[in-house]
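Written out below as structure tokens is the structure these notes cover.
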Amino acid sequence: MKGVPFEGWVVAEGISRGDSLSYTVTLPGAAQPISRGWVAGGDSVKVTGLSLERPGLAVTLETPVGSTTTQTRVLPGWLSLLPSIVAITFALLFRHVVISLLAGVWLGALFVYDWNPLTAIARTVDTYIVGAITDPSNAQILIFTFLLGGMVGIISRNGGTHGVVDSITRHAVGPIRGQLAAYVMGLVIFFDDYSNTLIVGSTMRPVTDGLRISREKLAYIVDSTAAPVASIALIGGWIGFEVGLIDGALEPLDLGIEPYVLFVQSIPYRFYPILALAFVFIVIVTNRDYGPMLAAERRAHRDGEVLREGANPASDFDSEVLNPIEGRPRRWWNALVPIGVVAAVTLTGMYTTGRGAVLAAGDPDLGLQNVIANGDSFAALVWGSFAACVVAAVMSLLQRILSLEETMAAWVAGLKAMLFACIVLTLAWSIGLITVEIHTAGYVVNLLTGNLDPRLLPVLVFIMCAFVSFATGTSWGTMAIMMPVVVPLAVALAVDAGLAASAAHTVLVGAVSGVLAGAVWGDHCSPISDTTILSSMATSSDHIDHVRTQIPYALAVGIVGMLVGDIPTAYGFSPWISIVLGTGILLGLIYAVGRRTDSP
């Protein structure tokens, strides 16, 4: 790409391994050689700092036995942006992330393989998609995601998940306690946002109807505790996807950063999901609302109308996979024990592999942080999810809640529920390979160098991802499109600005959190988002009413998160203080503009 640095290799072929040649690499018009040195027979030497400004320029290699000129195709730098732009534009037009990512991968392959559309199709499949799947780390993440889905299928079918719900709902007395019960269940069912939405919404609907709580308020509670809690949970369907994206973006940079550790470090910087969870609690315990939600709550409280007159509630969502078999026990431990097994086995696996790696490297530091940082998180996640599947299945069989056939059917149904996520993840890795090959980040860095303070990147990334996610209705698709571009951009901008290592790492963590948090905000608010639609369906709320009442709350949380979180923490402010400060501001906001639902 024009003006974008690239790498080359000097390869010594045709001479014996005992011999070596001196070489000099030059570019047209350059005052000094780009590289010079010696290369042994059969070996190669990497040459960096290559950059061409005009099509037709060549790289010349001179040796004592002759010289050779390598003709290099030079494309306009802006073409490196097109795969990502096309992916985003197609997502806006077609609202389908698979088509969008496929189009982006194909377009990048078209540039790489000399504008041949048929070759680009073939390379999309046999090079980029196959390459993404066959990468060992990627394969481990796919297996983990499928196995976790299988575990969720079993514990949903054996009544374990519903047992957790039943244990909580016994204490739901009065409007505030009823809302708190829904909120607590949303926190407990953290491992999957779909399961969270469908189970909590359908279970609490008759409870909240009896307590004169509007369907809009229940839908807000359900929606605001589904994706936000799932996105920051250390165990669940999201973590494999998020860690996989981070790994795919970090791998070409060779920074020596463990993706799982970076994921954990980003959690306190994800101000939107954290403050969204805090704001739901504030709204519930203060019994205050504002905007359209206040009107909905007063209508339900005074007149007992949980739906407004003329509303068109969505259909009840009834899934056999998520419902326990009629007449069989619903025991909460059938869900919590397998979930605990995931946590225990994963942490043990990371510690064991990390300790082995530290000892093998001769590092005397056997502290927990260093050991975990060097652990094989992907292998540990696979072990944990597999062990959880076995435990969930054995518990179901020993208690005779499910037969072997029913257990396997539930497990397979859980695997199927994760298929789309794995397809999107594979295509995300594929477009990540493309963006590396055509130097997308390098071109963007060249554009922004000297024009953007890297510490503003986290908040700008949050805004950009929030917009894309809102327009497309998918948080995972937004993460897949943006993560491969944002991570190398954050690293390069920090280096170019000369930031200290700690400050540069803070920018990187903030940029990663900006992608993950911004994608959740857009997905949370978008009327075409699957979780927003499912929240309306599970609670039998009018879908447009749900969106209309939720957006003012989400906007408030998003703005506060940016002002007290994303911006100051990029300059070194503590994220924990930002969370406390943001919670205090939201508490003041609800008292300033909110009104009690039981007052005139």
Order these peptides, 426-438, 125-137, by their mean beta-carbon neighbour count within 10 angstrom, highest first.
426-438, 125-137
Please report how far the C-alpha centroid of the range 361-400 lies from that of the range 79-116, rounded to the nearest whole angstrom.
37 Å
Applying the gyration tensor rule to the Cα atoms of the range 528-600 (axes a ≥ b ≥ c; rounded if a/c under 1.5, else prolate if a/b exceeds b/c, else oblate), the class is oblate
Length gained when the stretch ILE325-ARG17 is fully extended (0.36 nm per residue, less Cα-Cα span)
103.8 nm
Could you state the orientation-averaged shadow area of the convex hull built on the Cα atoms of the chain, in nm² to one decimal?
31.3 nm²
Can you work out D for the range 132-220 in µm² s⁻¹ from Stokes-Einstein, where Rh is the Kirkwood radius over C-alpha pairs, the temperature is 25 °C and the viscosity is 0.890 mPa s?
170 µm²/s
About its Cα centre, the range 6-74 carries a charge dipole, from +1 on Lys and Arg Cβ atoms and -1 on Asp and Glu Cβ atoms, whose size in debye to the nearest 20 is 140 debye
Peptides 60-67, 562-569: what's the order by average Cβ count within 10 Å, highest mean first?
562-569, 60-67
Of the listed peptides 332-345, 241-254, what is their order by residue-averaged count of other C-beta atoms within 10 Å, with the highest listed first?
241-254, 332-345
Let me spell out the model: positive unit charges on the Cβ of Lys and Arg, negative unit charges on the Cβ of Asp and Glu, origin at the Cα centre of the chain. What dipole size does that give, in debye rounded to 20?
1220 debye
Over 5 Å intervals from 0, what percent of Cα-Cα pairs in the range 6-74 sits in each interval?
3, 16, 29, 26, 14, 9, 3, 1
From Cα pairs below 8 angstrom and at least 6 apart in sequence, can you work out the relative contact order of the range 199-295, rounded to a whole percent?
27 percent
Show which aspartates and glutamates lie in cross-link reach of LYS416 when reach means a straight Cα distance below 18 angstrom and same-chain residues fewer than eight apart are skipped.
ASP192, ASP193, ASP318, GLU320, GLU405, GLU406, ASP530
Where a ≥ b ≥ c are root eigenvalues of the Cα gyration tensor, a/c under 1.5 meaning rounded, otherwise prolate if a/b exceeds b/c and oblate otherwise, the range 133-289 counts as oblate
Using only alpha carbon positions, build the gyration tensor of the range 355-488, then give the equivalent ellipsoid semi-axes as the square roots of 5 times its eigenvalues, largest first, whole angstrom.
39, 26, 13
Environment charge of VAL112, counting only residues whose C-beta is closer than 12 Å and scoring Lys/Arg +1, Asp/Glu -1
0
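Over the range 1-157, consider all pairs of different Cα atoms and compute the Kirkwood hydrodynamic radius from their mean reciprocal separation; express it in Å, one decimal.
19.5 Å
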If each DSSP helix of 4+ residues adds -39,500 (n - 2.57) and the sum is divided by the residues in the chain, what number results at 222 nm, nearest 500 deg cm²/dmol?
-21000 deg cm²/dmol
First obtain the Kirkwood hydrodynamic radius of the range 78-137 from its Cα pairs, then insert it into the Stokes-Einstein equation at 25 °C and 0.890 mPa s, and state the resulting D in µm² per second as a whole number.
208 µm²/s
Relative contact order of the chain (C-alpha contacts under 8 Å, at least 6 apart) in percent is 20 percent
On a full-extension model of 0.36 nm per residue, what is the gain between VAL65 and ARG596, subtracting their alpha-carbon distance, rounded to one decimal in nm?
182.4 nm
What do you get for Rg/Rh of the range 350-419 when both radii come from the Cα atoms and Rh is the Kirkwood radius?
1.24
Expressed as a whole-number percentage, the relative contact order of the range 1-128 with C-alpha contacts under 8 angstrom and at least six residues apart is 21 percent
Dmax and Rg, reported as Rg then Dmax, of the range 246-344 (C-alpha, Å)
22.0, 62
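Readers should treat all values here as calculations from the given coordinates under stated rules, not as data from a laboratory. None of the values given here were measured: they were computed from a predicted structure. Ideal geometry is used to build each Cβ from the backbone, glycine not excepted, and the neighbour counts take in all protein chains shown.
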